[in-house]
């Protein structure tokens, strides 16, 4: 049974509950370890990440919670480091490396905000070729361990977030498959585990986790490691559907 959830968020970034509420939820669900993460400060989009001046306060609060709940649960303080964030991560217990944006020209294009943003970016920067955009995404993901020094690879195929609702990207397209396989092959060399991320399920965007089943099978077949993560942005989503996907990790 998985008793750790290392990918949760609080009100210090875009979560709905305080760090202590996330810790209490983890205790109530019988976990032995909970990690509360901040989205790394990202100057190119401050709408969802931790405020730079709030980082010391977040670290101090997490130290307090670790001590206060030491007899009930192990509390860790993490950071989800975006690929393009240059903030130092030394003060955190661990790092999740994620690609939320593509740098195209002078713009930072979010890959998980709306299908329309992706479609417009494909038109503007890739001559309408959505698979060229996907190739750029996965080539960036392939470098996420090198760039962020992460301990966990976050939502490997985040760009597929909207594929159950739109036909913008065909996950069976040969170029899409070739792109994710090339990225997976590079990351498998690092030995860093990939997360099986439940965030899009708990928030109603998908009915299956990141990465998709075919990618999970590929990672396992090539000796890669997988860990369950909720990517919870609210206390009720801590350890979301871990029992259902236990055998995937």
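The values are calculated or read from the model by the stated rules, or taken from the named source; none is laboratory data. Treat the numbers as computed from the prediction; the structure is a model and nothing was measured. Don't worry about glycine lacking a Cβ; one is built from the backbone with ideal geometry, like all the others, and counts go over all protein chains shown.
Points worth noting:
- Filter pass, residue 44 being over 24 Å from residue 244 (Cα atoms) and surrounded by 15 or more Cβ atoms within 10 Å (Cβ to Cβ): no
- Considering segment 3-20, and only residues there that are crowded, with 18+ Cβ neighbours inside 10 Å and more than 14 Å from residue 76 (Cα to Cα), the residue that is farthest from the chain's Cα centre (by Cα) turns out to be 17.
- Filtered residue count, segment 50-64, keeping only those that are over 15 Å from residue 6 (Cβ atoms) and in contact with a helix residue (DSSP H, G or I) (Cβ under 8 Å, 6 or more places away or on another chain): 3
- Filter pass, residue 138 being within 22 Å of residue 231 (Cα to Cα) and touching a helix residue (DSSP H, G or I) at 6+ places or on another chain (Cβ under 8 Å): yes
- Tallying residues that are touching a helix residue (DSSP H, G or I) at 6+ places or on another chain (Cβ under 6 Å) and either within 20 Å of residue 141 (Cα to Cα) or assigned to a loop (DSSP other than H, G, I, E, B) (or both) within segment 234-249 yields 2.
- In segment 220-233, the qualifying residues are those that are in a loop (DSSP other than H, G, I, E, B) and within 15 Å of the chain's Cα centre (by Cα), and the one that is farthest from residue 249 (Cα to Cα) is 233.
- Residue in segment 86-143 that is surrounded by the fewest Cβ atoms within 10 Å (Cβ to Cβ), counting only those that are in a helix (DSSP H, G or I) and within 15 Å of the chain's Cα centre (by Cα): 140
- The residues of segment 189-219 that are surrounded by fewer than 17 Cβ atoms within 10 Å (Cβ to Cβ) and either touching a strand residue (DSSP E or B) at 6+ places or on another chain (Cβ under 8 Å) or not in a loop (DSSP other than H, G, I, E, B) (or both), listed by number, are 213, 214, 217.
- Exclusive hit being under 18 Å from the mean Cα position of the chain (by Cα) and either modelled with pLDDT of 95 or more or surrounded by 15 or more Cβ atoms within 10 Å (Cβ to Cβ) (or both), set 65, 59, 31, 76: 76
- Condition check for residue 153: in contact (Cβ under 8 Å) with a residue 60 or more places away in the chain, touching a helix residue (DSSP H, G or I) at 6+ places or on another chain (Cβ under 9 Å) and crowded, with 24+ Cβ neighbours inside 10 Å: no
- Residues of segment 83-119 satisfying the condition of being over 17 Å from residue 157 (Cβ atoms), at pLDDT 95 or above and touching a helix residue (DSSP H, G or I) at 6+ places or on another chain (Cβ under 9 Å): 84, 85, 87, 89, 91, 92, 93, 95, 103, 104, 107, 119
- Set side by side, the residues 76, 88 differ, and just one is under 26 Å from residue 196 (Cα atoms) and in contact with a strand residue (DSSP E or B) (Cβ under 8 Å, 6 or more places away or on another chain), which is 76.
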